[in-house]
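Novice: Take this structure, written in structure tokens, and hold onto it; I'll ask about it next.
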Amino acid sequence: MPPAAHPAFVLPPFVRAVTSRLPAFPAAVAGALTLSLVAPRIVGRDALAPLEGRSFRIFVRDAATSVAFRIAPGRFEPLRPGCEVDVTFSANAADFLRLATRRADPDTLFFDRRLLIEGDTETGLQLKNMLDAVELPRWLTGA
């Protein structure tokens, strides 16, 4: 018998009603600061160098909210909503959580149309491959 697929959890409508009205830029600033502190330690500065000047957006579909960043030398810069980006990653919150904790494979989610990658595919693949190469701590993955 094949393993059961994860049910497609979607945030309740009231969460979407709240999050869609929140300003995105403060979350982008917090995310950029966090990424600037954590990413070089996890992936190394050399891994980020080829992506300098590239920008990406993370859109959480069921929360109707997004944050955008530009990769600058040694840091991530927050971008205001509506700014053009090179690539956009779209998924529901539960799928992003599964990706972050390695409970789901990005390729599987992509081919199941649960993860959308729009824009510059080369930049999207570079980001995806960089994240796939990261060795996450056990406490995060539950392994």
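Novice: Towards the positive end of the charge dipole of region 13-136, with charges on Cβ (+1 Lys, Arg; -1 Asp, Glu), say which of Gly74, Ile42, Gly31 has the farthest Cα.
Specialist: With unit charges placed on the Cβ atoms, the residue in question is Gly31.
Novice: Ranked by Cβ crowding within 10 angstrom, fewest neighbours first, how are Val87, Val43 ordered?
Specialist: Numbers: Val87 20, Val43 15.
Listing Val87, Val43 from fewest to most nearby Cβ atoms yields Val43, Val87.
Novice: With +1 on each Lys and Arg Cβ and -1 on each Asp and Glu Cβ, and nothing else charged, work out how big the dipole of region 13-136 is about its Cα centre, in Debye to the nearest 20. Spell out each step's value before the answer.
Specialist: Numbers: 16 positive and 15 negative charges, 103 e Å.
It works out to roughly 500 debye.
Novice: Listing Phe110, Phe14, Phe89 from the residue with the fewest other Cβ atoms within 10 Å to the one with the most, what is the order? Please list the in-between numbers first.
Specialist: Details: Phe110 16, Phe14 8, Phe89 23.
Exposure proxy ranking, most exposed first: Phe14, Phe110, Phe89.
Novice: What is the extension gain from Thr34 to Arg21, computed as 0.36 nm multiplied by their sequence separation minus the C-alpha to C-alpha distance, in nm to one decimal? Before the final figure, lay out each step's value.
Specialist: Numbers: separation 13, 0.36 × 13 = 4.68 nm, distance 2.29 nm.
The Thr34-Arg21 span can extend by a further 2.4 nm.
Novice: Rank the residues Thr19, Thr108, Thr65 as a footprinting-exposure proxy: fewest other Cβ atoms within 10 Å of their Cβ go first.
Specialist: Details: Thr19 17, Thr108 12, Thr65 21.
Arranged by neighbour count, lowest to highest, Thr19, Thr108, Thr65 become Thr108, Thr19, Thr65.
We did not get these values from a lab; they are worked out from the coordinates using the rules stated. These figures come from a predicted structure and were not determined experimentally. Cβ: placed from backbone, ideal geometry, glycine included. Neighbour counts: every protein chain shown.
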